[in-house]
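One structure is given here, and the rest of the page talks about it.
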Amino acid sequence: MKYELFLTGIVFIALGIEPFIYFIYRFYRKRTWRVCFIEKITLVSLQDLMPFSTFKDKQMLVEYGFEQKQLSAITDFDKKLFKQSQNKEQNCQIYVDPINPKNIFLPKHINKIPGVILPILGLFFIFLS
């Protein structure tokens, strides 16, 4: 029984590390990168002409303003951000690197609870074994 608890603890810790690391990385980027508002999103692909729903690698061209300049960058398709940008009442935001403004970071809304609870449960099971 102790061996199973130890393995369960290892699995819980492994499952909780990725959300925790992403949360810390996002927290760091929020502090150093600048918040800019998206002006327009266009769906693009670097493949032949075909319907957008059939593309394997869906991408979008994000247009934003940074320090009185109009810039754009191609990033992976984010369905939630695209739907939010279609609503004119809400402001969509991205994080822009102040040193290289062509480098952007899309905010993802990851639940941080698994990143905290799973490692604690994992450590509990390891100490219990």
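The values are calculated or read from the model by the stated rules, or taken from the named source; none is laboratory data. From a predicted model like this one, the values you see are computed outputs, not experimental measurements. The protein model used for the area step is the full one, side chains on, heavy atoms only, and it has no ligands, DNA or RNA in it. Shrake-Rupley method; radii C 1.70, N 1.55, O 1.52, S 1.80 Å.
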Could you check, for segment 41-49, whether at least one of its residues is modelled with pLDDT of 80 or more and in a strand (DSSP E or B)?
yes
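Condition check ((1) among the basic types (Lys, Arg); (2) open to solvent by less than 50 Å² (accessible area, probe 1.4 Å); (3) modelled with pLDDT under 75; (4) in a loop (DSSP other than H, G, I, E, B)) across all residues:
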position: Phe27; (1), (2), (3), (4): no, no, yes, no
position: Glu39; (1), (2), (3), (4): no, no, no, no
position: Ala73; (1), (2), (3), (4): no, yes, no, no
position: Lys83; (1), (2), (3), (4): yes, no, no, no
position: Lys88; (1), (2), (3), (4): yes, no, yes, yes
position: Asn100; (1), (2), (3), (4): no, no, no, yes
position: Val116; (1), (2), (3), (4): no, no, no, no
